[in-house]
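See below for the structure under consideration.
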Amino acid sequence: MEFDFTWILLGLPIVFALGWLASRLDLRQLRIEDRQAPKAYFRGLNYLLNEQQDQAIDAFIEAVQKDPDTSELHFALGNLFRRRGETERAVRVHEHLLARADLSRDDHERAQHALAQDFLKAGLLDRAEDALHKLDGTRYQEQAWLTLLSLHERSRSWPQAAEVARRLQQAGHGDFSARLAHYQCEQAAQLLHKKGDAAAARQLLAQAIAGAPQAARPRIQLAGMLAEAGDAAGAYEQLVQVAEHAPQAVPLIASEWVRLARRAGRLPELVEQLGHSYALTPSVDVADALVQADVARGAPIQRAREGYVRHMAQEPSLIAASRWLAHEPFAHEGAHATVQRSVEHAARPLARYRCAACGFETQGYFWQCPGCLAWESFPPRRIEEL
């Protein structure tokens, strides 16, 4: 029995026609979907430009539903949720991205970084820390480490902060020696006040001085410890080192330096050192310390307080005027207290310190700003002198 090829020849055109028709239907469907998805996407962008976040989110959700494999839309949607404070929804979007097996390495790292930001926004610091650690070895590593450093500082976890700072420095991301010195000073203060371990505290301060010789704080803190222990001579020497390595900090230590010099019997050389510092940079605190030193050496108060007048001749100062006025006799002595109180009231705001980073003002000096948490952002000079 011979096979009849006639049916095959007749069927080929039919099969071809059906295939062509199916392909046209598929192409038409794809074109419809392609037209719909960009419309939703561009509609979302338009809403964003008009600051209509609710409508933008609805448009992006529509676009994601029509094309669930588009990672870029997921990132846009997750970031919108986070900006609106809907951190739970942002977390779900970014966790969904991370669960996808077809996600590229770059997008996986990006999703991990976005997830860490979600946790930070939500205040879930433990989960944020875990997410940030997973960014080691990625292009977001430096940002992650800097964020971890900030987290440890906020929680006052100084050993962990020191570890991250060392890693950043070893990786060539900047000089963190001064920051490490602050961490060691904070640890020393904790050891001293909570455990009374003066030996361990001194060891930490010695390490801080060795690691950051130009830092003023470790020597000032060590001088305070030595003074409390009755070692006025040792404390005085530490402040001498402050003046040598961090001369800008002399106004912060001037008054205490006078008290230590008096106890150690070294007032004459201190007056010379303070005079040298004042000649380089006139300061109301150093001028006040020079007046105190003159009185401590036996000079009459009326003569010693001429130092305030000399300072005002160089730098007009309401603070110096208030201190000079305190011992100035009045023709109408009954008005002295009233005038003195008024001048001191006017001078008090000028005697504050101001953060150069955020403008926070305070009566006392802080090594870390209570407002913005920046380190050494307070110039060691009063507002009046800035």
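Assorted remarks:
- Note that the range 248-348 shows a convex hull volume over its alpha carbon atoms of 106 Å³ per residue.
- Global geometry of the range 201-291, whether rounded, prolate or oblate, following the gyration tensor of its Cα atoms and the 1.5 cut on a/c: oblate
- The label point for D126 and the one for E272, both projected 7 Å from the Cα toward the Cβ, are 6.2 nm apart.
- The distance between label points at S150 and Q363 comes to 3.2 nm (points 7 Å beyond Cα on the Cα→Cβ vector).
- Database remark: amide H of F360 closer than 5 angstrom to the amide H of C355 (H placed geometrically; neighbours at sequence offset of 5 or more, or on other chains; Pro and chain starts carry no H).
- Positive contributions from Lys and Arg (+1) and negative ones from Asp and Glu (-1), summed over other residues with Cβ under 9 Å from the Cβ of Q363, come out at +1.
- From least to most packed, judged by other beta carbons within 10 angstrom and beginning with the fewest, V258, V343 follow the order V343, V258.
- Take every Cα pair under 8 Å whose residues are at least 6 apart in sequence, average their separation, divide by the length of the range 248-348, and the relative contact order is 21 percent.
- Footprinting exposure proxy ranking of H96, H182, fewest other C-beta atoms within 10 angstrom first, gives H96, H182.
- Distances between placed amide hydrogens fall under 5 Å for Q368 paired with E376, all partners being 5 or more residues away or on another chain.
- Förster-model FRET efficiency, 56 Å R0, E244 and A337, C-beta, rounded to 0.05: 0.85
None of the figures in this text is laboratory data; all of them are computed from the coordinates on show. Just so you know, these numbers come straight off a predicted model, no measurement behind them. Virtual Cβ from ideal backbone geometry, glycine too; neighbours counted across all protein chains shown.
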